[in-house]
There are 2 protein chains.
Amino acid sequence: MFGGEQGMRRTTYPVVVRRRGPALEQAIFEAALEQLIATGYARFSMEAVAAAAQTGKASLYRRWGSKEQLVLDALSASLPRALEPPDTGSLRADLLAVIGALSAAMTSRTGCAARAVISELDHERAAAFVGLIHKQILDPAHLVLLQVVRAAVDRGEADLEAATPMVLDVVPAMLLYRGKTQQGRFTEEDARALVDQVLLPALLRPAPPPEDGGG
Amino acid sequence: MFGGEQGMRRTTYPVVVRRRGPALEQAIFEAALEQLIATGYARFSMEAVAAAAQTGKASLYRRWGSKEQLVLDALSASLPRALEPPDTGSLRADLLAVIGALSAAMTSRTGCAARAVISELDHERAAAFVGLIHKQILDPAHLVLLQVVRAAVDRGEADLEAATPMVLDVVPAMLLYRGKTQQGRFTEEDARALVDQVLLPALLRPAPPPEDGGG
DNA sequence: CTTGGAATGAACGGAGCCGTTCACTAACCT
DNA sequence: AGGTTAGTGAACGGCTCCGTTCATTCCAAG
């Protein structure tokens, strides 16, 4: 009637399988990224990461002397290497594709964790992350935008001089701003508005008189 | 030889003058803003504010049941009411004036404290601040930009339809982004670049065909 | 002057987290 | 099989901060 002892032992507890080496590090990195998303860097704690990764604090401290080191390594290991520039044949479509890709990247787990760090980049406690954020996020974003503009220049669609740092900064700035102030995804409609209302006018603006050097 | 007891008592300790009512609240608000700037909201602590304001925690808790209430009141009390639109007679100069004013506001003590909160606006712990930030910072910024665009429309310089939410968001977005990623002040040169390379092209862009409604 | 309320500093028990240590044991290698 | 290394969970002493309480004292008002 009861089906034996096996049926009675339905309430079993999760058994922690010991991981070692790279498998453990991967679990720790995942826990670290989740912790960054949930609490930000300010309240990031080694103890919480160890608990989430189902390991001991000693295992963390054997590898990373501080939370700063752990976060640097977790982000470094997770951030994508480079962005592939699209090649649609039109500047508008390329820009839409880049923004789509950046927006998707920013809403990924790694992207959310990185945004948490970016949010704190002007605090001294996040000083160690400035280089990483520029090198692995902001500069690559600039680069892929510049690549699509260059392709447009080659097609005779745009003027390279229009793609100033200020114009290029608008893309990450707006993605971050909207992510902060309007919870939710940067939609395709948002992307179209940004491209049509801001970026294309900026990139296709007439060259200024020579005395008017831009910044 | 020793000049008497008075000379020996050179090592005196600061005497705390008791404040009461509004004067104490002012001191607490100032300490709260400084604490926001130094640590952000995540690590904002009532104990640190009490210590900085040279008062007891009980005095804080008599008035504010939580750090959230205190921060709401401190920001509310400190943020400026409205921004006066400039009237230079030219859209470009008006935009430069608005950006200058917004930039100055953002680097003030209250502005820095508000930016700390804005940085955390997408965390659930900052949910209570969303309304205040929109109402007292973001919406007024939009409004003053809209006011200068309207004046330009009246002068025949611009088309009101070009001043979409996306275009207007570029200003706070860029100020916040540059403040975060390029420590230091948003310079007048930066303001000119933003106006000439991004805002004017966007605001003076030709109206799109009617089917192309922007966001 | 007296009175009552508010301010100040100290203390409390508790929670969270730190960095470290340790006993036990799983995992790996020979 | 044995030996070694690394992982796990617990514990430690210490620190910060919480919300609360309390004794003392200041201060404004009557």
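The values are calculated or read from the model by the stated rules, or taken from the named source; none is laboratory data. A quick note: this is a predicted structure, and the numbers were derived from the prediction, not measured. Glycine gets a Cβ as well: all are built from the backbone with ideal geometry, and neighbour counts include every protein chain shown. Note: areas computed on protein heavy atoms with side chains; ligands, DNA, RNA excluded. Shrake-Rupley method; radii C 1.70, N 1.55, O 1.52, S 1.80 Å.
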(message) Tell me the volume per residue, in Å³, of the convex hull enclosing the alpha carbons of the protein assembly as shown.
(response) 284 Å³
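Nearest 20 debye, what's the magnitude of the dipole of chain B about its Cα centre given +1 on Lys and Arg Cβ and -1 on Asp and Glu Cβ? Please report the intermediate quantities before stating the final value.
Details: 23 positive and 25 negative charges, 298 e Å.
Value, rounded to 20: 1440 debye.
Quick one: dipole size for segment A:33-107, taken about the Cα centre, charges +1 on Lys/Arg Cβ and -1 on Asp/Glu Cβ, in debye to the nearest 20. Mind dumping the intermediate values first?
Details: 7 positive and 7 negative charges, 70 e Å.
The calculated dipole for segment A:33-107 is roughly 340 debye.
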(message) So if I place +1 on the C-beta of Lys and Arg and -1 on the C-beta of Asp and Glu, and nothing else carries charge, what would the dipole magnitude of the protein assembly as shown be about its Cα centre? I want it in debye, nearest 20.
(response) 2580 debye
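Rounded to the nearest percent, how much of the accessible area of segment A:7-122 (1.4 Å probe, protein heavy atoms only) is carbon and sulfur?
The nonpolar share, carbon plus sulfur, comes to 52 percent.
Rounded, prolate or oblate: pick one for segment A:22-78, where a ≥ b ≥ c are the square roots of the eigenvalues of its C-alpha gyration tensor, a/c under 1.5 means rounded, and failing that, prolate if a/b is larger than b/c, else oblate. Write out the running numbers ahead of the final one.
On the way: a/c = 1.30, a/b = 1.19, b/c = 1.10.
Since a/c stays below 1.5, the shape of segment A:22-78 is classed as rounded.
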(request) Between copies, how far apart are the B:Gln182 label points? List them in nm, one decimal, shortest first, with each point 7 Å from Cα toward Cβ, please? (result) 2.5
(message) Could you order the peptides B:129-142, B:75-88 from most to least packed, using the average number of other C-beta atoms within 10 Å per residue?
(response) B:129-142, B:75-88
(request) Express in % the proportion of alpha carbon pairs of segment B:39-117 at distances exceeding 15 Å. (result) 65 percent
(request) Quick one: with label points 7 Å out along Cα→Cβ, list the inter-copy distances for A:Thr39 in nm, shortest first? (result) 1.5
(message) Using a 1.4 Å probe and counting only protein heavy atoms, how much accessible surface gets buried when B and A come together, both sides summed, in Å² to the nearest 100?
(response) 3800 Å²
(request) Give the carbon-plus-sulfur fraction of the accessible surface of segment A:141-193 in %, rounded to a whole number; probe 1.4 Å, heavy atoms of protein chains only. (result) 49 percent
(request) Report the dimensions of segment B:91-205 along its three principal axes from the alpha-carbon atoms, largest first, rounded to Å. (result) 46, 28, 19
(request) Report relative contact order for chain A in percent, whole number only (criteria: Cα-Cα under 8 Å, sequence separation at least 6). (result) 20 percent
(message) For Cα pairs less than 8 Å apart in space and 6+ apart in sequence, what is the mean separation divided by the residue count of segment B:91-205, i.e. the relative contact order in percent?
(response) 36 percent
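Given only helices, namely DSSP H runs of n ≥ 4 each adding -39500 (n - 2.57), what is the per-residue ellipticity at 222 nm of chain A, to the nearest 500 deg cm²/dmol?
Values: 12 runs with 123 residues, N = 215.
It comes out at -17000 deg cm²/dmol, rounded to the nearest 500.
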(request) Any chance you could look up the accessible area of B:Tyr61 with a 1.4 Å probe, heavy atoms only, rounded to 10 Å²? (result) 120 Å²
